[in-house]
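Heads up, the thing below is written out as structure tokens.
The numbers here are math on the coordinates, done by the rules we state, and not lab data. Quick caveat: nothing in here was measured; it's all calculated off a predicted structure. FYI the Cβ positions are ideal-geometry reconstructions off the backbone, even for glycines, and counts take in every protein chain you see.
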Amino acid sequence: MNYGLEGKTALVVGGATGIGFAAASLMGHEGMRIAVADINAESARLGAERLTADGIKAIGIRADVTKLDDVFAMVAQVEAELGPVDVLLNSAAVLDDKLFLESSPQDWDRMLKVCLYGPMNVLHAVLPGMVQRRHGRVICMASDSARVGQARLSYYAAAKAGVIALVKSVAQEVGPNGVTLNIVSPGATNTEMRQVREEGLKASMGEEKYARRVQTVVKMYPTRRIGEPDDIASAILYLASAQASWVTGQVLSVNGGFVMP
């Protein structure tokens, strides 16, 4: 299938690892130029190098999405080195595993800054150019915890619910200018961030109890497995493509049937 992405530029925020990197790779193999942005400069550089070694034109950029000046500098660098941003993927995130009553305002503040204000900052920097050019695709990552709630993910779910409302609202504002915004909402996915979290759980629970937990989690998915980054990346590729020009303001759950809202 021709996705109509050849020669275009994608900015993947949080693209050094996980779902962001998988999506960057898929888009790159469709002929896109890729900017990998990450708060860790070394991670951004290594992510871009991995793509370049695979024949993809890519650059790595260090950027803190919680700082608006960083974000505008990031977009300026992308435009100078790769051209105007045609596709934006917001996939930067942090994740906690706490009961709400065990969390603190500092936890909430960190989560909201990265997972809600971060996408707001990036949209503010990227959308004016898309509106002016009358073309653009924006995909933001959310979570089905934002749609149905999930214990131990309360303020993460709250931040992602804010992203869903943000995307639906902005999609109405910029739709007449040829710009679409959509949400991809994954279930549990085997990313590096999740692996770190799972290792922590295993250490605290012990091998036997943790093994039972894994079996319980898998049984909650009709597909009997958790997701892989490529599962989610395929949905992102579609929403970035020319074929998705009449899709905007939507939430696409890619979750193995875990939630069927």
TODO: For the chain, compute the number of Lys pairs whose alpha carbons are separated by less than 22 Å, excluding pairs fewer than 8 positions apart on the same chain.
DONE: 12
Task: Net charge dipole size for the chain [Lys, Arg +1 and Asp, Glu -1 on Cβ; Debye, nearest 20] - done: 580 debye
Open item on the list: With θ taken as phi - 60° and the coefficients 6.51, -1.76 and 1.60, list the Karplus ³J(HN,Hα) couplings across region 16-21 in order, rounded to whole Hz; mark glycine and proline as x.
Closed with: 6, 8, x, 4, x, 5
TODO: Search the structure for amide H atoms under 5 Å from the amide H of V65, placed 1.01 Å from N in the peptide plane, and list their residues when 5 or more places away or on another chain.
DONE: none
Task: Average Cα contact separation per residue, the chain, under 8 Å, 6 or more apart, as relative contact order % - done: 20 percent
TODO: Could you work out how far helix 229-240 tilts from the main Cα principal axis of the chain, as a 0 to 90 degree angle to the nearest 10?
DONE: 30 degrees
Task: region 208-230-region 79-111 distance, computed between alpha-carbon centres (Å) - done: 25 Å
Task: Net dipole in debye of region 166-261 [+1 Lys, Arg Cβ; -1 Asp, Glu Cβ; about Cα centre; nearest 20] - done: 400 debye
Task: Folded to 0 to 90 degrees: helix 207-219 orientation relative to the chain principal axis, Cα - done: 60 degrees
